[in-house]
Every structure is written in C-alpha cells, then in structure tokens.
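Visitor: Below you will find the structure I want to go over with you.
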C-alpha cells in the first residue's frame, strides 16, 4: 500500500523511527523531501506567486486537519515550506511520511513557458 493511501495514527505512544526505517520511507517518499538537522521531514515547494503558495498551504492544512496530524507551514511569496515531525515523541513516525505523501498529492507544479 502506498504511503498516501494510509491513514495517520496517533504516534504519541510509539517510539521514534529508527534511522534505517526513516531512510527507507524517505526513499519511498522521493521528490525533494529531506530529513533536516533537527530530525524533521522538510520540503520547500516553489510557486509562481504568493496566492498559489497560500492556496497550497490551505490544501495541506485541510488534509492535516482531517488526518489529525499537523505540520509546520511556512508561507512566503512564491514558496511554502513544510516541516513535519511527531511533536509528542519529538521524532519521526510513519504518520509523518504519510502526511508528506498526502501533501505531494496536493502539489500541482507550474510550467514556465520559454
């Protein structure tokens, strides 16, 4: 089953993922996701303008609310950064990768004409 097809669970009672499992899930997630220096999942999305970035953040926010798993969203002109981790355990769980995969489904890249 694909990550995006799964449901986020309450990771508060689970231990953080081991590094090997986190790397496997990161590879499955693909795209431009990385694990930052704080041990959080992170990706920067680029848009044509502020309103596209804000619209994307709103879509991700709706998914996060439905899943009961909330990322940190940073919106600026032409970009939106997602930072995801399980706050209760101060680490990564599979739910973090599931939410990232669901965010990927909401991203519609733009194409600049030459």
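Computed from the coordinates by the stated procedures, all read-outs in this text should not be read as laboratory data. This one's a predicted model, so the numbers in the text were calculated from it and none came from an experiment. All Cβ positions, even for glycine, are placed from backbone atoms using ideal geometry, and neighbour counts span all protein chains on display.
Visitor: Could you line up 52, 42 from fewest to most neighbouring Cβ atoms inside 10 Å?
Guide: By the 10 Å Cβ count, ascending: 52, 42.
Visitor: Using only the alpha-carbon atoms, how far is helix 19-29 inclined from the longest principal axis of the chain? Give it as 0 to 90 degrees, nearest 10.
Guide: Around 30 degrees separate the two axes.
Visitor: Over the alpha-carbon set of the stretch 18-106, divide Rg by the Kirkwood Rh and report the Rg/Rh ratio to two decimals.
Guide: Values: Rg = 12.5 Å, Rh = 13.1 Å.
Expressed as Rg/Rh, it is 0.96.
Visitor: Could you check the spin-label model distance between residue 67 and residue 49? Points 7 Å from the Cα along Cα→Cβ, value in nm.
Guide: Calculated label separation equals 2.9 nm.
Visitor: Additional query: Relative to the longest principal Cα axis of the chain, at what angle does helix 94-106 sit, 0 to 90 degrees, rounded to 10?
Guide: 20
Visitor: For the ranges 29-39, 63-73, what's the packing order if you count other beta-carbon atoms within 10 Å of each residue, average per peptide, and put the highest first? Let's see the in-between values first.
Guide: Details: 29-39: 13.2, 63-73: 16.0.
Listed from highest to lowest mean packing, they are 63-73, 29-39.
Visitor: Please give the residues of the stretch 61-93, grouped as numeric ranges, whose backbone N is less than 15 Å from a label point set 7 Å along the Cα-to-Cβ vector of residue 13.
Guide: Hits in the stretch 61-93 for residue 13 at 15 Å: 89.
Visitor: Report the extension gain between residue 1 and residue 26 in nm, rounded to one decimal, defined as 0.36 nm multiplied by the number of residues separating them, less their alpha carbon distance. Before the final figure, lay out each step's value.
Guide: Values: separation 25, 0.36 × 25 = 9.00 nm, distance 1.54 nm.
Between residue 1 and residue 26, full extension yields an extra 7.5 nm.
Visitor: Once the Cα atoms of helix 50-67 and of the chain are each reduced to a long axis, what angle between those two axes, in degrees from 0 to 90 to the nearest 10, is obtained?
Guide: The angle comes out near 30 degrees.
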